[in-house]
1. Say R0 is 45 Å: what FRET efficiency, to the nearest 0.05, do SER66 and GLU483 get from their beta-carbon distance?
2. Mind ranking GLU174, GLU483 by accessible surface for me, highest first, 1.4 Å probe?
3. Hey, could you grab the Kirkwood Rh for the chain? Inverse mean 1/r over distinct alpha carbon pairs, Å, one decimal.
4. Under a 1.4 Å probe, what is the accessible area of the chain per residue, stated in Å²?
5. In the full protein assembly as shown, how much of PHE424 is accessible to a 1.4 Å probe, in Å² to the nearest 10?
6. Which of rounded, prolate, oblate describes region 103-180, given a ≥ b ≥ c as roots of the alpha-carbon gyration tensor eigenvalues and a/c under 1.5 marking rounded, otherwise prolate only if a/b is larger than b/c?
7. Expressed in nm to one decimal, what extension gain is obtained for the pair PHE476 and VAL50 from 0.36 nm per residue of sequence separation less their Cα-Cα distance?
8. Just need the Rg to Rh number for region 119-160, please, alpha carbons only, Kirkwood Rh.
Amino acid sequence: MDSMNSKVRPFVFFCAIIASLGTLNSGFNTSALNIPGDNVRYCPNVAHGVQTYYPNSPLPQCLPMSDWIWGVATGMFAVGGLIGAMLAGPMSDKWGRRDAMIMINVSFFIGAILLSTSVHSAMFAIGRIFVGIGGGFMTVVISMYIAETAPPRSRGLLGSFLQLFMTIGILVIEAISLGLRSAVGWRVLTVITVVPAIAQMICLPFCPRSPRWLISQNRIDEARLELLRLRNGDIQEEFADMVLALSKGGGADRKKPADEAHQDRDSAAGFETKEADEPAGAEPFDAEVNLNFFQVMTIPVLARLTLKLFVVHCASQLTGINAIMYYSTSIFQDSFGDNAPYVTVGVAALNVLLTFVALGLVDRLGRKVLLLISAIGMTVFSVLMTIGLRFNVSPLQVVCIMLFVASFAVGLGIIPFILTAEVFPTYAVGAASSACLVVNWLCNFIIGLIFPTLQRACGPYVFIIFAGIAFLTAIFLLLFIPETKRKSIEEVGREVGWYGISLDTIKQKAEKKTII
């Protein structure tokens, strides 16, 4: 049986799970401050703004901050994410997806040290930047790694692991937070981030490198061996399609048409022979090309794809999900008082449950349908949430926030990361993914920074803003986003138009020449 249609090996699930530990860690740091936020800002048994110290210790029990400074400190996680996303493309292109993930875990250790030993708000904010760097980097590279190692028929399912582990991380850290709402507990919470980092650093070396990345580095034999580890069935057709697409810019320079290449089961061997017979000093193998963001944007078809994905990633944040994940406890405070943290944990649990549901739907209903369901649902429940807040109807608030989160989880929560890794060729995916996730984290930062002030200014009407953005998002998705379910990356390339870009075009872009 052909490898693209055979059953998924359990080893592939193992690789996706180990890679996704990076977003488990990102989930930890996304909501680590949600429930114990007041314990970070206010010392026990004293007036707000007064700082006290642990007995026989130079460490303060709290770090007094105004609403604005607290928003900045919380939002520094997204600033770090933006930096991490910018680093992801160059690092993953140079050292590979797997090894780059191993390396970036160092940032979680640095962040944990700074956060757990903070003596003032600036040190705390810098710690948030470092854990954000790890989180932002992981969201880019994990989606690339899974897309490049998963078989086409299960790429959506496995790609959804990224968001699933993010939601599990949020739920776990919020559940732990219930028992650590104290002057000491918040410092303990900030250290937990090292646990998944250690686990991933130990396990990743047992996972294969991306075959597509290995081909791009002229390591053809090694790529073939890694693909054999990842697939059941005959890999010849899949491997030949990878090599031809990555080495010939989609086949424009080939003498045979693309359809014949699919029928030639020995074509991969031909590339290996060519590589072995090349004399010393010959030109580099054709696949050794990686474009940066500015070069990607000079190729019209890739520029259009990138701009479309920018909008999708902006929408996933500006529709308001992190207003819930960062500040849901404070949103619920007026209606539920001391029970607000428990409602927050319930919301996180629902997010995990619905992400599981999305795992089963993403390769059945498709990416576009789930995105539309998500955007329309968030529009409706934002409006209803406004009614619940305006008239202080506590049950309606809970139901609407849970359904708002559910709507996000099945579409805008998982699909943007999957789409980004699916629609670009290997020579452009690093730069394009980094750029998309930079936009994602920038919008994340904006929401984290302004929501406390926005909530105070708009009161119960703050979710009307998110409703408007979600409605416009639904229209955009309907008109401009392609469907990619159960298609190989090469098939997607044929449909969106980049598969036929000539090798000379790619090389000239890499050499910073301007054509097209």
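1. Values: r = 47 Å, r/R0 = 1.05.
Efficiency for this residue pair is about 0.45.
2. Listed by decreasing accessible area, they come as GLU483, GLU174.
3. Working: mean 1/r = 0.0424 Å⁻¹.
So the Kirkwood estimate lands at 23.6 Å.
4. Details: 18930 Å² over 516 residues.
I get 37 Å² per residue for this part.
5. Per-residue accessible area (PHE424): approximately 0 Å².
6. Numbers: a/c = 3.99, a/b = 1.82, b/c = 2.19.
Judged from the Cα gyration tensor, region 103-180 comes out oblate (a/c at least 1.5, b/c at or above a/b).
7. Numbers: separation 426, 0.36 × 426 = 153.36 nm, distance 4.93 nm.
Net length gain for the segment: 148.4 nm.
8. On the way: Rg = 15.9 Å, Rh = 12.1 Å.
Taking Rh as the inverse mean 1/r over Cα pairs, Rg/Rh reads 1.31.
The values are calculated or read from the model by the stated rules, or taken from the named source; none is laboratory data. Quick caveat, the model's predicted, so the values are computed rather than measured. Cβ: placed from backbone, ideal geometry, glycine included. Neighbour counts: every protein chain shown. Ligands, DNA and RNA are stripped out before the accessible areas are found, and what is left, the full protein with its side chains, is counted by its heavy atoms. Shrake-Rupley method; radii C 1.70, N 1.55, O 1.52, S 1.80 Å.
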